[in-house]
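Just below is one structure, and these are the notes that go with it.
The values are calculated or read from the model by the stated rules, or taken from the named source; none is laboratory data. Everything numeric in this text was worked out from a predicted model, so none of it was measured. Using ideal geometry, Cβ is built from the backbone for each residue, glycine included, and neighbour counts are taken over all protein chains shown. For accessibility, only protein heavy atoms count, side chains too; no ligands or nucleic acids. Shrake-Rupley method; radii C 1.70, N 1.55, O 1.52, S 1.80 Å.
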Amino acid sequence: MELVTMTGLLSGVRVVELGGLGPAAWTCTFLSDMGAEVLRVDQPGRTDLDFTENWMRGRARLEIDLKESAGRERIKDLVARADVIIDPFRPGVAERLGLGPDELTADNGRLIYGRLTGWGQDGPYARVAGHDGNFIATAGVLSTIGPADRPPIAPLYYAGDWASGTMPLLAGVLAALYERERSGRGQVIDAAMVDGAAMMLMQVLALRDRGAWTDARQSNQLDGAPWFHHTYRTLDDRYMIVAAIEHKFRRRVRETLGLSEKVALDEPDRWVADGQRVAEVFATRTQAEWEEIFAGVDACVSPVRELSDLESEPHLLARGVYQRIDGKLHPAPTPRFSRTPSSIHPQLDAEDLIGRWRTTLEDHR
């Protein structure tokens, strides 16, 4: 395999990714898309992941047995030449392996040590097992999601792993790289999904403090309660979403639906009845018909796309939001940069990459 030249904002940045699932791996995919050289290390014989999937793109992969002293020494050698290491293990695991921050920064004072866990490095739950649902439940996020008459609904992995884990760790790594340019020193990042979930509640907590939010699900303006912030079934059993938060948009929705005299702009005691009236109208036409009716109407009304629609959706198509590579559908890199564009890089060859790291160590430092 020919050694790939990484291009992008982070070209030249070297990342060692200790093999983990979900949010830590997604962080490294972002870094790779931005041009970083990512070397992922897994235990030999791992079979629970397909390393050709799009979320594992753009990195090299190496099998090293961390239970063996020779394997741990090899990791130390690699990290001595790296800028970033990503640790996805539970608190204390890396230390027991002799790969904790104290050990690895002793030989590389510029190292940025990114740790991602559910509960954080300390606290009474730090060593308790958990998944994204547990973390967003404890932080209070889960209690706000779902209909009023049923239990809270776990929102796939979007809120926990992705928004509460990947995004804070990614922001931490980028910020630490920036700070290192001034100080010349690395640091340890403690990213916890329970912390990230708490950050997502900022606006809800602000609304609650001023009496504009109740703890009951589906009883607030932003949680699907009012007719103007809701999804509606169409004649062909598809859906439209109305997200008309401001009054001017609500008026346009009412006018377009022919309900100006029948639906109130904002009377909470009428939300249920008004929602039923709006639902009855949406049920009279297909999604495609409603899409045509609302085309050009600035009313914050959109069709709810299915996954099978992604490659034909006009806006996504025009921006190239999805790309098919080797038969697999990939989301395009984000965000977009004007001078140093990100790109989807092919898989890297581990031994070639390590060879380059060894021969350019002094120049890299």
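Cβ separations smaller than 9 Å between residues 6+ apart or across chains give the following pairs from region 350-365 residues that are at pLDDT below 80 to residues that are part of a helix (DSSP H, G or I) and open to solvent by less than 100 Å² (accessible area, probe 1.4 Å): His364/Trp357.
Among the residues of region 328-361, the ones that are small (Gly, Ala, Ser) and open to solvent by 60 Å² or more (accessible area, probe 1.4 Å) come to 1 in all.
Do you know which residues across region 1-56 are among the hydrophobic types (A, V, I, L, M, F, W, C), open to solvent by 60 Å² or more (accessible area, probe 1.4 Å) and touching a strand residue (DSSP E or B) at 6+ places or on another chain (Cβ under 8 Å)?
First, pick out the residues of region 1-56 that are among the hydrophobic types (A, V, I, L, M, F, W, C): 1, 3-4, 6, 9-10, 13, 15-16, 18, 21, 24-26, 28, 30-31, 34, 36, 38-39, 41, 49, 51, 55-56.
Restricting the remaining residues to those that are open to solvent by 60 Å² or more (accessible area, probe 1.4 Å) gives 1, 9, 21.
Within region 1-56, no residue meets the criteria.
Count of region 90-132 residues, restricted to those that are farther than 19 Å from Gly172 by Cα and basic (Lys, Arg), is 2.
For Asp195, state whether it is in the same structural domain as Ala171 (by the TED database) and either in contact (Cβ under 8 Å) with a residue 60 or more places away in the chain or touching a Gly at 6+ places or on another chain (Cβ under 6 Å) (or both).
The answer is yes for Asp195.
Among the residues of region 162-192, those identified as in contact (Cβ under 8 Å) with a residue 12 or more places away in the chain and basic (Lys, Arg) are Arg180, Arg185. Which ones in region 220-250 are of a type in the set (Asp, Glu) and outside the structural domain of Gly275 (by the TED database)? Residue satisfying the conditions is Asp223 alone.
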